[in-house]
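Student: Sharing a structure, written as structure tokens. Questions coming.
The values are calculated or read from the model by the stated rules, or taken from the named source; none is laboratory data. Predicted model, so just to flag it, every value in this text is computed and none were measured. In this analysis, Cβ positions are derived from the backbone assuming ideal geometry, glycine residues included, and neighbour counts consider all displayed protein chains.
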Amino acid sequence: MRLSRDKMNKLAHTVADKLADIESVEFVEDRNTIRMEVRKILEELLGKEAKIDAAARQKIESQKRTIMEGTPEWEILYRKYYNEEVKKLGI
């Protein structure tokens, strides 16, 4: 999944704000540092997700016969291969 820079910033702000609202959470850094770290983590996760997606799609494309995207068979294979890739990465 690809998010624009603005959407990523908005999401990071929202996460930092929600963390600040939790009484048991205490920031040892300023809120902007927390927001930037949240953004970095989100970017890493979305990067991994894109690699997993690409690997699952590649496995489907490498089948002997053509499987059309959107069909129930494609969806089942995609979920299977996606989950396999997630397990490989230990996510």
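Student: Between GLU49, GLU23, GLU73, GLU61, which is more than 15 Å from the chain's Cα centre (by Cα), closer than 25 Å to ILE91 by Cβ and among the acidic types (Asp, Glu)?
Tutor: From the options GLU49, GLU23, GLU73, GLU61, the qualifying one is GLU61.
Student: I've got another one for you. Tell me, which residue of the range 18-53 that is acidic (Asp, Glu) and surrounded by 12 or more Cβ atoms within 10 Å (Cβ to Cβ) is nearest to LEU77 (Cα to Cα)?
Tutor: ASP53
Student: Determine which member of the set LEU89, LEU77 is loosely packed, with under 14 Cβ neighbours inside 10 Å, on the phi < 0 side of the Ramachandran plot and in contact with a helix residue (DSSP H, G or I) (Cβ under 8 Å, 6 or more places away or on another chain).
Tutor: Step by step, each of LEU89, LEU77 is checked, and only LEU89 is loosely packed, with under 14 Cβ neighbours inside 10 Å, on the phi < 0 side of the Ramachandran plot and in contact with a helix residue (DSSP H, G or I) (Cβ under 8 Å, 6 or more places away or on another chain).
Student: Taking the criterion of being of a type in the set (D, E, K, R), touching a residue at least 12 places away in the same chain (Cβ under 8 Å) and assigned to a helix (DSSP H, G or I), would at least one residue in the range 36-46 satisfy it?
Tutor: yes
Student: For residues in the range 47-91 being outside any helix (DSSP H, G or I) and not polar (S, T, N, Q), which is modelled with the lowest pLDDT?
Tutor: Filtering first and then ranking leaves ILE91.
Student: Please determine whether any residue of the range 19-28 is assigned to a helix (DSSP H, G or I) and polar (S, T, N, Q).
Tutor: no
Student: Taking the residues in the range 26-46 that are more than 20 Å from the chain's Cα centre (by Cα) and among the hydrophobic types (A, V, I, L, M, F, W, C) as candidates, determine which candidate is farthest from ASN83 (Cα to Cα).
Tutor: VAL28
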